[in-house]
Amino acid sequence: MDHEKVNILLVDDQPAKLLAYEVILKDLGENLVIASSGREALEVLLKTEIAVILVDVCMPELDGFELAAMIREHPRFQKTAMIFISAIQVSDIDRLRGYEMGAVDYVPVPVVPEVLRAKIKVFSELYRKTRELERLNQELEDRVRARTAELENSTAKLRESEQRRSMAIAAGKMGSWDWDWITGDWMWDEGQYRIFGVSPESFEVNPANVQALLHPDDVDQLRKAIAEFNSGTRAYETEFRIVRPDGEIRWCVGTAAATIDANGRVVRVSGVTVDITERKRAEERQNLLAREVDHRAKNALALAQSIVRLTRADEVKAYVNAVEGRINALARVHTILSLSSWQGAELSKLIEEELAPYSLGGQIRLAGPEVQLLPATAQTLALALHELFTNSAKYGALSTRSGRLMIAWKAEDDRLTLTWEESGGPLVRTPKSRGFGTRSLLASVESQLGGQAQFDWRAEGLLCRLEVPLTRKTAASPAPGKFDAAAAAELQRASG
């Protein structure tokens, strides 16, 4: 259904980041307004109605916290949704400060496109629905006053007004109703029947039948509304669930207003019902996505922690280089997986990312079909390939111009076989002991993936063969939330 676009204000002092946010959010179909500073953002706000503000915490002159404080001081913007983006680790104190300034959420850098789009979409829809309800409430109040006068003059005018009102709100997932407080008679329009999943021909609108369609946990909302009107309340709004006759549960928001007579008694209650099920489902999807992102981040951090803790070197510079190399390999595969929404990664893409610093003079050849890897398999193989490239560049074929490296792979019966063959480099001798890189490679491939890693230290060059399953059907597959502990344990055993 077509809807009115809302304005999303993007505030950042870096043009590249603003362009990235535009690319991520353009598919939402909303109006994206750009501001390169806090002062420019304030100028935009004074001229334009803004639904959501996406603002960088760290900006020169006027940072995100100061900008939020200035925005909240203006009465027009006290309820405007603000989402902070922070490229630094945000402390609990800073996060609390942000929420006190009016932030509704934080988005860390690097930004996950799906998460950012989901958050912006939820608050845009909330803004749109709020405006719709405000317009409907105003319209409802105007019509209640008009209908009171029409009741005194002509029943025909009342019917005409009711028809116009029903036509106005039937355009969306909305319905309207009237309840005669004196006689107990109800009137529903077409939208109301549609929301509740019943037909005018087979459903009699009365308190008992309406209550039967309410979710058992929300029946008290109806009783509370009646009590509120009896005690003098003139307007009431609440969220509730209905259970359609076919068993489907729908979320709704209901707004009601009372009409009173000259003695101040309630004579009629009129209301609007809006189906907000899709919004609720979007919120659930957002929460699920947020939990998944949190799970992925914890796994990556646990593996990085293991790398830092278990890497060994004789001097500080060598230690730093080793740690940076392994974490950079983890970051590269994380980027590839993020671009695919964590659905997987192409093996050839992983290899190309790792060989980029070494592909000089045609020393490296690749041969193999396109193979899609699961996220866990991709992470493990990325680290394994990094160790092989690093060792080859230090001691093997890639350490000399005459050296050659052939990487070939094939996939058969849901199993990947990758062959690493070096030649033309320095004379190879079988190592007396395995270094951390080799031990961690064996531990991760064999224990984490249920595969095999074989090394043949030939004089003319290393021959390595890796075999890993392409599907995770065995109990070796870590359960959600357990990968970090399992990975750390395997690397700990490898370092021993």
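FYI, it's all coordinate maths here, none of it is from the lab. Here the structure is a predicted model, which means the values were calculated and not measured. Virtual Cβ from ideal backbone geometry, glycine too; neighbours counted across all protein chains shown.
Quick notes on this one:
- Full extension of the segment from Ala262 to Thr233, taken as 0.36 nm per residue of separation minus the current Cα-Cα distance, would add 8.8 nm.
- Each of the peptides 235-241, 215-221, 386-392 was scored by the mean count of other Cβ atoms within 10 Å over its residues; in descending order, highest first, they stand as 386-392, 235-241, 215-221.
- Less than 5 angstrom separates the built amide H of Val107 from those of Phe84, Ile85, Ser86, all sequence-distant by 5 or more or on a different chain.
- Within-10-Å neighbourhood charge of Ile83 [Cβ basis; K, R +1; D, E -1]: 0
- The packing ranking, built from the mean of other Cβ atoms within 10 Å per residue, places the peptides 259-270, 445-456 in the order 445-456, 259-270, highest first.
- What the Cβ-Cβ distance of Arg365 and Gln343 gives, at R0 = 25 Å and to the nearest 0.05, is a FRET efficiency of 0.30.
- With 31 Å as the limit, the listed pairs Lys349/Lys432; Lys79/Lys173; Lys119/Lys224; Lys121/Lys410; Lys26/Lys47 have Lys349/Lys432; Lys119/Lys224; Lys121/Lys410 beyond it between alpha carbons.
- Using the Karplus relation 6.51 cos²θ - 1.76 cosθ + 1.60 with θ = phi - 60°, the per-residue 3J(HN,Hα) values for the stretch 12-17 come to 6, 7, 10, x, 5, 5 Hz, with x marking Gly and Pro.
- Neighbour-count ranking [beta-carbon atoms within 10 angstrom, fewest first] of Trp420, Trp457, Trp177: Trp457, Trp177, Trp420
- Taking all pairs of distinct alpha-carbon atoms in the stretch 174-225, Kirkwood radius in angstrom: 11.7
- With each label modelled as a point 7 angstrom along the Cα→C-beta vector, the Glu40-Ser402 pair spans 5.9 nm.
- The equivalent ellipsoid that matches the C-alpha gyration tensor of the stretch 127-275 spans semi-axes of 23, 18, 16 angstrom, in descending order.
- Label-to-label distance for Leu427 and Glu283 is 7.3 nm, based on points extended 7 Å past Cα in the beta-carbon direction.
- Theoretical gain in end-to-end length, Arg465 to Gln138 [0.36 nm per residue, Cα-Cα removed]: 110.5 nm
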